[in-house]
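Chemist: Could you have a look at this structure, given as structure tokens, before my questions?
The values are calculated or read from the model by the stated rules, or taken from the named source; none is laboratory data. Computed from a predicted model, the values in this text were never measured in an experiment. Note: ideal-geometry Cβ built from the backbone for every residue, glycine included; neighbour counts use all protein chains shown.
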Protein chains: 2
Amino acid sequence: MVGAVTSGGDAIARASGGDPTWTIAEIAAEFGVTHRTVRHYEELGLISPERRGTTRIYRRRDRTRLNLILRGKRLGFPLEQVRTIIDLYDSPRGKASQLEYCLAQIDDRRADLEQRRRDIEDALAELDTFAARCRDDLDRLR
Amino acid sequence: MVGAVTSGGDAIARASGGDPTWTIAEIAAEFGVTHRTVRHYEELGLISPERRGTTRIYRRRDRTRLNLILRGKRLGFPLEQVRTIIDLYDSPRGKASQLEYCLAQIDDRRADLEQRRRDIEDALAELDTFAARCRDDLDRLR
DNA sequence: CGACCGCTTGACGTTAACGTCAACGTAAAG
DNA sequence: CTTTACGTTGACGTTAACGTCAAGCGGTCG
């Protein structure tokens with residue numbers, strides 16, 4: 001075994017010289033999903049790990065994407081929409097027209113996220129007033 | 001036609017004396033969903049409109065619930081989870097034990113919503129730095 | 001009175017996001 | 001060299017959230 005490994009039950013970095021890689025099982029376990037889920041994301045083109053022969057090899061880039069995907073899911077975005085934002089993040093931005101398109105897309109996403117933020121603020125505010133009423137009622141019962 | 005109606009293409013309040021009611025078509029149109037969707041929510045027990053004979057009659061209470069449902073959907077909550085929060089809002093709160101249960105539930109929901117808010121803040125922050133980089137690149141192209 | 005409109009119920013279809021199962025390859029371990 | 005563990009490709013199953021007919025009922029308009 002080579003290389004300084006921080007260990008601790010985590011997935012272990014392979015390829016002593018290069019950057020660390022992970023197997024599908026390690027990735028799945030670490031992100032709290034099944035290997036089927038990971039494969040599903042690949043089928044949809046959300047991630048595209050390298051192959052050593054037929055075996056999938058995951059790198060940092062894939063982990064970054066998985067984080068984006070799972071956050072998107074927590075936020076309730078459909079995977080297709082998650083794809084558009086991932087594609088946005090590594091779309092070609094060489095030409096001015098492409099950059100302007102990116103900026104436009106970003107504005108769209110911003111608007112969407114801010115709508116959700118408002119919804120969340122509203123929901124939290126309602127919960128708070130409801131909780132206050134509950135506490136009042138509880139106090140009055142004593 | 002009786003009663004002060006603000007009109008304007010909106011659904012019109014019926015039942016001159018009592019409180020306003022709406023048909024399923026009006027409700028659906030106003031909330032931007034299909035009547036099938038409204039019926040689906042009823043099948044899941046999320047709303048339970050009155051009946052005049054066989055026809056559904058929607059009141060303010062149903063509209064409140066529909067607002068909760070649709071906001072829950074925008075936030076990506078499954079309808080079953082939406083139901084739990086709706087049920088929470090009009091659950092019995094006469095006894096202290098019930099009020100304490102409510103407060104506990106509220107804390108759960110709060111935690112969930114705050115996680116989502118963090119996710120959204122993160123996503124917005126990333127979008128912002130990405131947008132800044134895009135604008136930089138764009139400036140440098142001139 | 002017939003036609004039409006809106007409402008209702010039932011039942012089957014569809015899409016997204018996986019779950020699950022079978023069958024196979026391969027590489028290290030006994 | 002066989003067993004065992006992990007990985008891979010299909011392919012079909014499942015659940016949620018509706019969509020989409022089909023068929024029937026009840027008022028009202030001409």
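Chemist: Take A:A132 and tell me if it is over 19 Å from B:L124 (Cβ atoms), without any contact (Cβ under 8 Å) to a residue 60 or more places away in the chain and either away from DNA strand C (no atom under 16 Å from the Cβ) or outside the structural domain of A:R63 (by TED's automatic domain parsing) (or both). Break it down stepwise before answering.
Modeler: Details: over 19 Å from B:L124 (Cβ atoms): yes; without any contact (Cβ under 8 Å) to a residue 60 or more places away in the chain: yes; either away from DNA strand C (no atom under 16 Å from the Cβ) or outside the structural domain of A:R63 (by TED's automatic domain parsing) (or both): yes.
Yes, satisfied.
Chemist: A:Y41 is checked against (1) at the interface with chain B (Cβ under 10 Å from one of its Cβ atoms); (2) part of a helix (DSSP H, G or I); (3) among the aromatic types (F, W, Y) and fails just one. What number does that condition carry?
Modeler: (1)
Chemist: Mind listing whichever residues of the stretch A:90-102 are assigned to a helix (DSSP H, G or I) and surrounded by 16 or more Cβ atoms within 10 Å (Cβ to Cβ)?
Modeler: At the first step, the residues of the stretch A:90-102 found to be assigned to a helix (DSSP H, G or I) are A:96-102.
Of everything in the stretch A:90-102, those that are assigned to a helix (DSSP H, G or I) and surrounded by 16 or more Cβ atoms within 10 Å (Cβ to Cβ) turn out to be A:L99, A:Y101, A:C102.
Per-residue answers, yes or no, for (1) within 12 Å of DNA strand C (Cβ to nearest atom); (2) part of a helix (DSSP H, G or I); (3) outside the structural domain of A:Q115 (by TED's automatic domain parsing); (4) surrounded by fewer than 18 Cβ atoms within 10 Å (Cβ to Cβ):
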| site | (1), (2), (3), (4) |
| --- | --- |
| A:G45 | yes, no, yes, yes |
| A:S48 | no, no, yes, yes |
| A:R51 | no, no, yes, yes |
| A:I57 | no, no, yes, yes |
| A:R61 | no, yes, yes, yes |
| A:L66 | yes, yes, yes, no |
| A:L70 | yes, yes, yes, yes |
| A:K73 | yes, yes, yes, yes |
| A:I85 | no, yes, yes, no |
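Chemist: Would you please list the contacts, defined by Cβ atoms under 6 Å and residues six or more apart or on different chains, that run from a residue in the stretch A:96-117 that is more than 7 Å from chain B (Cβ to nearest Cβ) to a residue that is exposed (fewer than 13 other Cβ atoms within 10 Å of the Cβ) and of a type outside the set (G, A, S)?
Modeler: A:Q98/A:P92
Chemist: Can you list residue pairs whose Cβ atoms sit under 6 Å apart, with the first residue in the stretch A:23-35 being away from chain B (no Cβ under 14 Å) and the second being more than 9 Å from DNA strand D (Cβ to nearest atom) and part of a helix (DSSP H, G or I)? Count only pairs 6 or more apart in sequence or on different chains.
Modeler: A:F31/A:L66
Chemist: Something else now. Assuming B:K73 fulfils every condition listed in (1) more than 10 Å from chain A (Cβ to nearest Cβ); (2) under 29 Å from B:D19 (Cβ atoms) apart from one, which condition is it?
Modeler: Single failed check for B:K73: (1).
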